[in-house]
Amino acid sequence: MRAERSGMMRMRDESTKSAVCSRREFLGGALAAGMGAILPRMSAGAEEGKSLKIARVETFPVSYKTVGRFKFFEDAMGRPTGRPTVVVKITADDGTQGWGQSVPTPRWSYETLESVQTTIERHLAPVLIGRDALDIDGAHAAMNRAIAPSFSTGQPICKAGIDLALWDLAARASGRSVADLWGLRGIRDITMSWTLNPVKLDDIEPLIEEGRRAGYRNFNVKVAPDPKFDIELCRRVKKAAPDGFLWADANGGYDLATALEVIPKLADAGVEVLEQPLPANRLTGYRDIRKLKALPILMDEGLVSSAELEEFIKLGLLDGVAMKPARCGGLTDAKRQIELARRHGLMVLGSGLTDPDISLAASLVLYGAFDLTRPAALNGPQFLQGSILKKPFKVESGRLRVPTGPGLGVEVDPAKIASGP
């Protein structure tokens, strides 16, 4: 266990490197320091400085069939429900288009396909139409006035679809990729992690073998609330894949007493990081479990915006972030969170909300731009069937290529939206 904890500290040290954006990589003026994105001021094929206004915001509900069992996409009887999404298309007054995707998961968050679509159509689109399409921070300010926050960003999964579409549009307007807009040159492919959420222990070995056949060598496991089951699950996974990265995610499923008891045992079983062991609002509990120094503690459900992350860092509640652009309103704040975490020497691991297509592309662009080399828990390709892209993603040897074309680097096939993925 001592060697594993030493490795834990090395991982934190490795995460401190940060990327710096050069202003010369961008066209046009900068927003105030700390206020977010610096955007180009030119339209595709047009002269620098041309105004670009949002003309239309359209939504398309798209549901994907699921493959295998994943607890967040089944009903109370254990039957698969599919993966709901809302595809967002934003068109500028010169015809430039950007595509985004919101990925509501009602069993994980309060947002639904219906709430996302009606919120965009009735509340967000009216305040966006006519605005500068390249002013993404201004778009977020307008959206946050229309749908106000409670503790944090209001309906962040919904707003993420808008955010992705605006970044896609802004980058396409300048003929570049989103990473190019940021002035970042990162890694070209992302190592993937295979998700295990077995119902019983006998399921573990077949699920591991399925992942191996697909080329995966690293695993993330769903744990909580049964510590005995969780310890045995992690022990068996580590025995079957001793060289793989093992990441446990409790989704806030432990109480404090159980977490204090189980965390050192999970470390002894070979777990390398533990994500969201307690409910998101148990802040003093996070302070207590970090005193164990048994495992790096990542936050997920507890982090919606960079404002919370800044406060949680000051309070010493976490060792790192399980990053999900879909969770925090899109790429704009996700980028801020990574930069903030790295300034404080915290770990950043790539994760997702079982993202398909456009949402997956945005995550890959972000994680590639910031050189996230640890295996990412992006399990959309594992659990989802079908695609609305002209060229769907394909996992090869447990890795996904970072898209590098204009915008988010993918091309949507409108016919597949109409007929279903």
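Report yes if some residue within the range 125-136 is within 17 Å of residue 362 (Cα to Cα) and in contact (Cβ under 8 Å) with a residue 24 or more places away in the chain; otherwise report no.
yes
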Inset, instruction - With respect to residue 340, determine if the residue is in contact (Cβ under 8 Å) with a residue 40 or more places away in the chain, assigned to a helix (DSSP H, G or I) and under 24 Å from residue 319 (Cβ atoms). - result: no
Legend entry - Candidates 162, 204, 231, 187, filtered to the one that is modelled with pLDDT of 95 or more, of a type in the set (A, V, I, L, M), assigned to a loop (DSSP other than H, G, I, E, B) and touching a helix residue (DSSP H, G or I) at 6+ places or on another chain (Cβ under 8 Å): 187
Inset, instruction - Hand me the list of strands (runs of 3 or more DSSP E) wholly inside the range 250-337 holding 1 or more residues that are in contact with a Phe, Trp or Tyr (Cβ under 6 Å, 6 or more places away or on another chain). - result: 273-275
Inset, instruction - Can you give me the number of residues within the range 313-334 that are of a type in the set (Lys, Arg) and under 11 Å from the mean Cα position of the chain (by Cα)? - result: 2
Legend entry - Residue identified as in contact with a Leu (Cβ under 7 Å, 6 or more places away or on another chain) and over 30 Å from residue 92 (Cβ atoms) among 242, 198: 198
Legend entry - Which numbered condition residue 380 misses (of (1) within 14 Å of the chain's Cα centre (by Cα); (2) surrounded by fewer than 24 Cβ atoms within 10 Å (Cβ to Cβ); (3) within 17 Å of residue 61 (Cα to Cα)): (3)
Inset, instruction - Can you run down the residue pairs with Cβ atoms below 9 Å, 6 or more apart or on separate chains, where the first is in the range 224-239 and surrounded by 19 or more Cβ atoms within 10 Å (Cβ to Cβ) and the partner is β-branched (Val, Ile, Thr) and part of a helix (DSSP H, G or I)? - result: 224/258; 224/262; 230/262; 233/204; 236/204; 236/208; 237/204; 237/208
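For residue 80, indicate whether it is free of Cβ contacts under 8 Å to residues at least 40 places away in the same chain, buried (at least 18 other Cβ atoms within 10 Å of the Cβ) and assigned by TED's automatic domain parsing to the domain that holds residue 125. Outline the logic, then answer.
Values: free of Cβ contacts under 8 Å to residues at least 40 places away in the same chain: yes; buried (at least 18 other Cβ atoms within 10 Å of the Cβ): no; assigned by TED's automatic domain parsing to the domain that holds residue 125: yes.
Here the answer is no, as residue 80 does not meet what is asked.
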Legend entry - Subset tally (residues that are surrounded by fewer than 24 Cβ atoms within 10 Å (Cβ to Cβ) and closer than 18 Å to residue 55 by Cα) for the range 156-180: 1
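Give the residue, chosen from 85, 91, 153, 119, that is polar (S, T, N, Q), buried (at least 16 other Cβ atoms within 10 Å of the Cβ) and in a helix (DSSP H, G or I). Before you say what the answer is, go through the steps one by one.
Values: 85 fails: in a helix (DSSP H, G or I); 91 fails: in a helix (DSSP H, G or I); 153 fails: in a helix (DSSP H, G or I).
None of the other options fit; the residue is 119.
The values are calculated or read from the model by the stated rules, or taken from the named source; none is laboratory data. Model, not experiment: these values are computed from the prediction. Positions of Cβ are generated from backbone atoms using ideal geometry, with glycine treated the same way; all protein chains shown enter the neighbour counts.
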